[in-house]
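Structure record follows, encoded as structure tokens.
The values are calculated or read from the model by the stated rules, or taken from the named source; none is laboratory data. Keep in mind that what you see is a predicted model, and the values were worked out from it rather than measured. With ideal geometry, Cβ positions are generated from the backbone for all residues, glycine too; neighbour counts draw on all protein chains shown. What goes into the accessible areas is simple: the full protein's heavy atoms, side chains included, and nothing from ligands, DNA or RNA. Shrake-Rupley method; radii C 1.70, N 1.55, O 1.52, S 1.80 Å.
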Amino acid sequence: MTDLHDATPRLAARRVTRRKFIGGGAAAGALAGVAYRLEPFAPGPDAAAAGVAAAETGSATTRAVPSVCQMCSTNCGILAHVRGGRVVRITGNPDDPVSQGRLCARGQAGLQMTYDADRIRQPLKRDASGRLRPVSWQQAFTEIGDKLQSISATHGPHSLVLLAHSGHPYASWETRLMDAYGSPNWTSHAPTCFSSRNVGWVATVGDLPSGDYRNTRYYVSFGRGITDGISSPQVQALVQAHHEGARLVMFDPRLSAFAAVADEWLPVRPGTDLAVVLAMINVIIRKGLYTSSIRTDTVGFDQLAQAVARYTPAWAAGKSAVSASATTRIAEELAAEAPSAFVEPGWHGPQGGMYWNSVALTRATACLNALLGNLGSPGGLKLNPPSPLPADKKLALLQPSPAPSRTARFDGAGGPEWPLAKGFGRAQVIPDVIESGVPYPISAVIVSHTNPVRSYPNGDAIIRAFSKLDLVVVIDHQMSDTAWTTAHYVLPESTYLERLDPVHVAGTHLVLPQPVVAPLHDTKSGGEIVRGLAQAMGLGRYFGFTVEQYNDALLAPLGLRSADLAEHEVPVPASAIKKPKIKTPSGKIELASSLMAKAGGPTVPVWEPPLVQAAGSKLHLITGHVPMHTNTMTANLAYLHRLMPENELWIHPSEARRRGISEGDMTEVRSDVASARLRAHLTEGIIPEAVWMAHGFGNVSRAQRLAYRKGASDAALAPIRSAPYSGATAASEVLVTVRKAV
Ligand SMILES: Nc1nc2c(c(=O)[nH]1)N[C@H]1C(S)=C(S)[C@@H](COP(=O)(O)OP(=O)(O)OC[C@H]3O[C@@H](n4cnc5c(=O)[nH]c(N)nc54)[C@H](O)[C@@H]3O)O[C@H]1N2
Ligand SMILES: Nc1nc2c(c(=O)[nH]1)N[C@H]1C(S)=C(S)[C@@H](COP(=O)(O)OP(=O)(O)OC[C@H]3O[C@@H](n4cnc5c(=O)[nH]c(N)nc54)[C@H](O)[C@@H]3O)O[C@H]1N2
Ligand code: SF4
Ligand SMILES: [Mo]
């Protein structure tokens, strides 16, 4: 790497290996009783002090420009310190309610997204020999536009699918483009991440709540590791609460970074948390520990009580390996602290969509919180207020707006079979639809801000299916595996430090995600790319505005202009803050859910087993995110690569011994779909029947030179499935054989 930034030597000197950081170190520490302690953070700098610090890093010409971290969808407010036209450091913006002046490792390393020598520097087109070669933007736009117009004329506009990321700032521009073209098939990564969680919460309280981590007294998490899958504001708030005496309880088949710092770690069999939560509900109801307002605030209490009568803690112990006494005790302790307590609503993990029963787990979690009266109480859970910004369809600037297509979607989401998947989709079925032509043939795919070959189950099936398409366009900063293996055209987007994005709402503040340096290469923002494509597709009339004008139109009803946000974040005007309400059909918390009933599901949560369970020589493969990388997007960034260059297979020593595997041995992990090679890490921090590997490794893109062939891809081992109700991927329903590689 020639393009490394000058702070590299400092990080290099720290050399924290992954095993020390979360594997052996954390595991051995906790198992030996030397539990890791969470220390609250020192007071953050104020904005003025941060400015001084910026000036002190070098010449007086260092500027601290406010913007938004886009290294993950938490979107912390940042200050980018710019000297001589170069970002030299990124710190948390102390005025930002999300970052509160602090960033995680990924946020601080974010400048490498921009300065990575392996970035894509100009549009590329694959030639007849299979090589990606530079072309001009004009050529790329014209050829793609012509092709899409002819595809629309021949096969209909629905034969275009746009695989997207709902966190992309330009997602609403992309859906507008698809509406204008006439395709219903804009679809996000939701089923690979959070759709089961959202379906479960929407069915119960009408929306996804967030936790009051700062004021909680008792926190129970079923597999949401907030210091592994980091949300910086949640970590800061929970650490402070813990320091003030809150108790933290973590259920996880392995000793994750969060399990290691929690007060209590309860190893649970993969996919069986539902049994424990149902048993906790049983305890709460049987012992009368529920809130006195249960009959006025909720519907379906009697039905729930009847359904859970059989789910005793002893019954749950048989399913989950969590002792009946632990389940009973934790339910009682939780009730004693309620309503300043909560069971984590989840993100990805077991609620978000790892398992076949993830919707049921989320529903049960929601009901348990409701029984304890935690919803709407300090230290409990709260519904989020609606966005203070107007919806696109209300903006005069965007008129006329194209009407959304009425054609059924390629994945059936929102149709009779998948009513609850509306808005989330089943993106992962794309290879099956391409291969079968059912419900209709697909001719073209645009991939934007997502990496299906590594993030959706069975990446090989995607590579095979995409090779049959007339057109594949990938929009990314770097040569993702999807771009490398499937794209006809690769369109490079400017990074978040180089581009202007739509105004962002960070809790109580409005933030301008603004460029802090000019684009280094021949790249464009997502908005410019969408507009360029629209023009080339003959749809330019729907994009006759700039992002500056779009931002001003969004802010106008609040009496603001985007220029007001250039120097600092601006609090949302009080008049624009709306109260959240419970948006269920009954207007109450639905313990018995009418939406679930309509979708043909159980009205109240009942036991649904996971799809697979370890048996014989087969082990359950589970996965998860790690503190120092984001999904598949950071493996090639030098700072983070140094902290964790590859993933390993966590395996219990007893299971390793049976297979003749020692620490550091190369293993072969084989599922029904594929096999992978990665090194073994022996740890008692995982239950014997499961093996774990971190998500985000195993690049096949040679253009990511640091990450190429480091570790292995977990998603590649999972079959393509759609879990009931949500249509989520259930990508942890995987059994594998593990042996020492020869
Ligand atoms: N540092 C960092 N932060 C991130 C991300 C990142 O990649 N890196 N990604 C962001 C994104 S997109 C998301 S969605 C979130 C994800 O954050 P989380 O929702 O916390 O998701 P995961 O890390 O996927 O899974 C969490 C844990 O679930 C455990 N697990 C597996 N099976 C089971 C089970 O059956 N029961 C229980 N109780 N636990 C189980 C795994 O061992 C793992 O420790 O994090 C976000 N923040
Ligand atoms: N087996 C298994 N599968 C999983 C998971 C798991 O734990 N195990 N985790 C799941 C989860 S929680 C999630 S959220 C998904 C995530 O899956 P994806 O949606 O694929 O997200 P990333 O892996 O972060 O890849 C995003 C791609 O977008 C690019 N990118 C980043 N920022 C931008 C931008 O601003 N513009 C553009 N154009 N491109 C950008 C990155 O370079 C990267 O190539 O994966 C899921 N898949
Ligand atoms: S949690 Fe970390 S990566 Fe995510 S937005 Fe905040 S600083 Fe950036
Ligand atoms: Mo996610």
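Residues LEU371, LEU375, LEU398: which one is outside the structural domain of VAL276 (by TED's automatic domain parsing), in contact with a helix residue (DSSP H, G or I) (Cβ under 9 Å, 6 or more places away or on another chain) and not polar (S, T, N, Q)?
On the way: LEU371 fails: outside the structural domain of VAL276 (by TED's automatic domain parsing); LEU375 fails: outside the structural domain of VAL276 (by TED's automatic domain parsing).
After ruling out the rest, the residue left standing is LEU398.
Every residue, every condition in (1) at pLDDT below 95; (2) closer than 24 Å to SER713 by Cβ, yes or no:
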{"residue": "ARG464", "(1), (2)": "no, yes"}
{"residue": "SER467", "(1), (2)": "no, yes"}
{"residue": "THR485", "(1), (2)": "no, yes"}
{"residue": "GLY507", "(1), (2)": "yes, no"}
{"residue": "VAL511", "(1), (2)": "no, no"}
{"residue": "PRO519", "(1), (2)": "no, no"}
{"residue": "GLN535", "(1), (2)": "no, no"}
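I'm trying to understand the selection: among the residues of the range 320-330, which are surrounded by 22 or more Cβ atoms within 10 Å (Cβ to Cβ) and either over 31 Å from the mean Cα position of the chain (by Cα) or within 13 Å of ALA275 (Cα to Cα) (or both)? Even if it seems obvious, please write down each step before you answer.
Taking the range 320-330 as the starting set, the residues that turn out to be surrounded by 22 or more Cβ atoms within 10 Å (Cβ to Cβ) are 320, 322, 327, 330.
Answer for the range 320-330, where residues must be surrounded by 22 or more Cβ atoms within 10 Å (Cβ to Cβ) and either over 31 Å from the mean Cα position of the chain (by Cα) or within 13 Å of ALA275 (Cα to Cα) (or both): SER320, VAL322, THR327.
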Is the range 174-187 home to any residue that is within 16 Å of ligand 1 (Cβ to nearest atom) and either in the same structural domain as GLY352 (by TED's automatic domain parsing) or at pLDDT 95 or above (or both)? no
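Where in the range 135-194 are there helices (runs of 4 or more DSSP H), lying wholly inside it, with at least 3 residues that are within 14 Å of ligand 2 (Cβ to nearest atom)? Please lay out each step first, then the result.
On the way: elements: 137-155, 171-181, 190-193.
The helices (runs of 4 or more DSSP H) meeting that bar are 171-181, 190-193.
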Exception for LYS422 within (1) in contact (Cβ under 8 Å) with a residue 40 or more places away in the chain; (2) among the basic types (Lys, Arg); (3) within 30 Å of GLY507 (Cβ to Cβ) falls at (1)
Take ARG454 and decide whether it is in a helix (DSSP H, G or I), under 30 Å from VAL202 (Cα atoms) and touching a Gly at 6+ places or on another chain (Cβ under 8 Å).
yes
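Per-residue answers, yes or no, for (1) surrounded by fewer than 23 Cβ atoms within 10 Å (Cβ to Cβ); (2) out of contact with any Leu (no Cβ under 6 Å at 6 or more places or on another chain):
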| position | (1), (2) |
| --- | --- |
| LEU389 | yes, no |
| LYS394 | yes, yes |
| GLN399 | yes, yes |
| PRO402 | yes, yes |
| GLY414 | yes, yes |
| ILE434 | yes, yes |
| PRO441 | yes, yes |
| ILE446 | no, no |
| HIS449 | no, yes |
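Does the range 374-387 hold any residues that are open to solvent by less than 50 Å² (accessible area, probe 1.4 Å) and on the phi > 0 side of the Ramachandran plot, and which are they?
First pass over the range 374-387, keeping only residues open to solvent by less than 50 Å² (accessible area, probe 1.4 Å): 374-375, 377, 379-381, 383.
Within the range 374-387, GLY379 is the sole residue that qualifies.
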